[in-house]
1. Fewest Cβ neighbours within 10 Å first, please rank 93, 86 accordingly.
2. Report D for region 180-242 in µm² per second (integer): Stokes-Einstein, Kirkwood Rh on Cα pairs, 10 °C, 1.306 mPa s.
3. For region 1-157, build the charge dipole from Cβ charges (+1 Lys, Arg; -1 Asp, Glu) around the Cα centre, then report which of 9, 52, 130 sits farthest towards its positive end.
4. How much length would be gained if the chain were fully extended between residue 19 and residue 152, taking 0.36 nm per residue of separation minus their Cα-Cα distance, in nm to one decimal?
5. Post the alpha-carbon centroid distance, region 213-253 to region 94-144, in whole angstrom.
6. If R0 is 30 Å, what FRET efficiency do you get for residue 41 and residue 206 from their C-beta distance, rounded to 0.05?
7. With Rg/Rh (Cα atoms, Kirkwood Rh) in mind, check [x] 0.94; [y] 1.05; [z] 0.97 and report the label derived from this structure.
8. If the only charges are +1 at each Lys and Arg Cβ and -1 at each Asp and Glu Cβ, what is the size of the charge dipole of region 65-174 around the Cα centre, to the nearest 20 debye?
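Nothing in this text is a laboratory measurement; each read-out follows from the coordinates by a stated rule. Computed from a predicted model, the values in this text were never measured in an experiment. No Cβ is skipped: glycine too gets one built from the backbone with ideal geometry, and neighbour counts run over all protein chains shown.
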Amino acid sequence: MAAEIIVSASSGVGEIRIQRPAKKNAITTGMYAAMADALETFGSDDAVRIVTLRGGDDFTAGNDLQDFIEASAAGDAAAFVAVIRFLERLCDFGKPVVAAVRGNAVGIGTTMLLHADIVVAGVSARFRLPFAQLGLVPEAGSSLLLPLTVGRMRAAWLLLAGEFVGAQEALAMGLITKVVDDDRVDETADAIAARLAELPATALRETKRLMREPIYDDVRRQMGAEASIFAQRLASDEFRTAAAKALTRSAAS
């Protein structure tokens with residue numbers, strides 16, 4: 001398991017923590033695989049009733065672009081496959097997921113939240129979907145889930161313009177559940193998770209299933225369609241050029 005993914009469980013609550021602060025929690029191939037493994041383990045463990053997903057001062061800067069550029073240049077599909085596996089495990093996860101977000105939640109850092117059930121964000125939280133700017137397309141079923149969550153016009157703006165959205169605006173559009181002070185994000189998420197863990201486990205799972213079931217097949221189809229185009233875009237000159245520029249800007253800042 002990747003050292004940057006910290007997995008633990010206590011009192012009915014499993015935790016997946018992204019811990020790579022030097023890179024603003026940018027996610028590598030190994031980290032995606034570790035998170036997918038953790039979801040599989042928690043999903044089959046009856047002692048775990050709720051799962052929390054969290055980062056640090058930044059939730060995550062999204063994909064590690066250097067990791068993806070190198071994999072793309074080498075023709076190595078492992079990075080892409082690891083992302084898809086994680087997203088499929090998250091989409092299929094039958095137990096409630098509570099996310100705790102501070103700082104930046106970029107790209108998949110935002111789209112994965114569409115598969116969470118409760119999202120607690122700090123006042124510093126900022127959400128951004130810069131897929132088009134990187135020559136890519138949305139993933140995680142977000143081209144379907146985002147319009148359903150925030151409305152088509154807002155979704156179009158988020159996905160096409162790729163600008164940051166603050167915590168209060170994200171709350172107003174229904175992208176997140178609650179906004180609290182940064183120093184209360186973890187304790188608030190923990191309190192919610194603990195409260196849910198005390199409730200009848202089967203009732204929680206069945207409630208989540210009933211909410212998800214009407215659109216589940218459509219979401220999985222959309223994820224497949226997105227993945228096919230995303231893979232093509234990773235091999236494109238547009239992506240390589242845009243990603244190289246993004247890395248240059250990041251190094252200079």
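1. On the way: 93 19, 86 23.
Going from sparsest to densest Cβ surroundings: 93, 86.
2. 101
3. 130
4. Working: separation 133, 0.36 × 133 = 47.88 nm, distance 3.35 nm.
Taking residue 19 through residue 152 to full extension adds about 44.5 nm, to one decimal.
5. 14
6. The computed FRET efficiency comes out at 0.85.
7. Answer label, from the structure shown: [x].
8. It comes to approximately 320 debye.
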